[in-house]
Amino acid sequence: MTQIVHHVPERLLVAYAAGTLPQAFSLVVAAHVSMCDECRAALEAHQAVGGALLEDEPLINLSGDMKADLMARLDDAVPDEPVYRRDGPFPAPVVAAMKGRGPRWTKLGGGVKQSILSADATGSVRLLSIPGGQAVPDHTHGGLELTLVLQGAFADETGRFGAGDLEVANDDLEHKPIAEPGPDCICLAATDAPLRFRALVPRLLQPLFRI
Amino acid sequence: MWMLAVRDNRDRVAFGRLFDHFAPRLKAVVLRSGSGDGQAEEIVQEVMLTVWRKAAQFDPERAQVSSWIYQIARNRQIDVLRKENRPVPEELGYEAEAEPDASRVVAVEQESGKLRAALGALTPEQRMVIEKAYFGEMTHQDIRDDTGLPLGTIKSRIRLGLERLRHELKGLRDE
Ligand SMILES: [Zn+2]
């Protein structure tokens, strides 16, 4: 794998460990950590902080029967949880989000495709596929957007992003990412606000496409 | 070491000891997030049950039991409160050593002792902010604003831990 240069900012790693990140962003962080030993080590270092804080917590009394209840449950049948593995460019957590079924692409025009993995009030996360050499539709952000490259590469005003690289865009960034010539650039993109594409789809149609 | 006895021998007495040590502390953490007493105990039970079931994934060369249980607790609490499964990173495809390298285990222990000392040296205000961040009380605005965490003196300890873990992971990949 090529060298990853754009990593998860520290505050997002802490929020991920603590469970405060919205689901859409958590998926992107889990996917990046799956691809990046640097951030896996950083995450484990933050878990060590969490563990040290846990050790210092006060002791709260438990109900008298709680321990016995639990000991009696140790032999319960373990519920069957599907185990997902990396599939081509998709790391395990992304495969899990698709329930192992692969992306269901819908066309956005100009060869650009998307597959929405989840969308709710706290944000949305989707896969985007952009043909090599093609510009990603011009858009501005209404919030925080995380874009993780799974395959291929794109470049914009802020730099080049190859497989494993994570771009963190805030409200004020208006950028024009262009996919590098070569294989389709596949990204996992999460946002906490609806994206406002300016050129490709009239604003009125956006609720329809959920972009 | 209790956790290894649980992992390797499915030792119930050792598991009982782990429970006695961690369950009251876990309950304190869960109560912080506004769960009632009943729900808090339910979550703590789920956490400890997960510790029993996923014991095979515990690797003392990489983490202290408390770090490992911390992450399980955060995951379980979110699963219960949001009624959805948190996305988790891909497991590294390797088996933890049956006989952990004692010097590495000691390194992990020493490091976490120093980390606790550094945490103990924080001012009460710093300490409060750190606890809020790691126990899930950060607001969405805190997360979005790039103001950085006031990690202060524990920053260098995190960095040292990161160095060691980076090394460990590289070792795993090269094996
Ligand atoms: Zn990284």
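The values are calculated or read from the model by the stated rules, or taken from the named source; none is laboratory data. A quick note: this is a predicted structure, and the numbers were derived from the prediction, not measured. Heads up, the Cβs are rebuilt from the backbone with ideal geometry, glycines too, and the neighbour counts pull from every protein chain shown.
Descriptive notes on the structure:
- Search result, residues across segment A:147-183 that are within 16 Å of the ligand (Cβ to nearest atom), assigned to a strand (DSSP E or B), in contact (Cβ under 8 Å) with a residue 40 or more places away in the chain and crowded, with 17+ Cβ neighbours inside 10 Å: A:T147, A:L148, A:L150, A:F161, A:L166, A:E167, A:V168
- The one condition from (1) at the interface with chain B (Cβ under 8 Å from one of its Cβ atoms); (2) touching a residue at least 12 places away in the same chain (Cβ under 8 Å) that A:R11 does not meet is (2).
- Of the residues making up segment B:27-37, those that are more than 20 Å from B:Q71 (Cβ to Cβ) and either surrounded by 17 or more Cβ atoms within 10 Å (Cβ to Cβ) or more than 9 Å from chain A (Cβ to nearest Cβ) (or both) are B:G34, B:G36.
- Test for A:G123: is it at positive phi and surrounded by 15 or more Cβ atoms within 10 Å (Cβ to Cβ): yes
- Helices (runs of 4 or more DSSP H) within segment A:1-103 that include 3 or more residues crowded, with 18+ Cβ neighbours inside 10 Å: A:10-18, A:23-35, A:37-55, A:92-97
- Only one of the numbered conditions (1) at the interface with another protein chain (Cβ under 9 Å from one of its Cβ atoms); (2) of a type in the set (D, E); (3) out of contact with any helix residue (DSSP H, G or I) (no Cβ under 9 Å at 6 or more places or on another chain) is not met by B:E99, and that is (1).
- The condition of being at the interface with chain B (Cβ under 7 Å from one of its Cβ atoms) and either free of Cβ contacts under 8 Å to residues at least 12 places away in the same chain or away from the ligand (no atom under 16 Å from the Cβ) (or both) does not hold for A:L27.
- Within segment A:42-55, none of the residues are more than 10 Å from the ligand (Cβ to nearest atom), at pLDDT 95 or above and more than 7 Å from chain B (Cβ to nearest Cβ).
- Residues that are farther than 21 Å from A:V49 by Cα and within 8 Å of another protein chain (Cβ to nearest Cβ) were ranked within segment B:47-84; the one that is surrounded by the fewest Cβ atoms within 10 Å (Cβ to Cβ) is B:E84.
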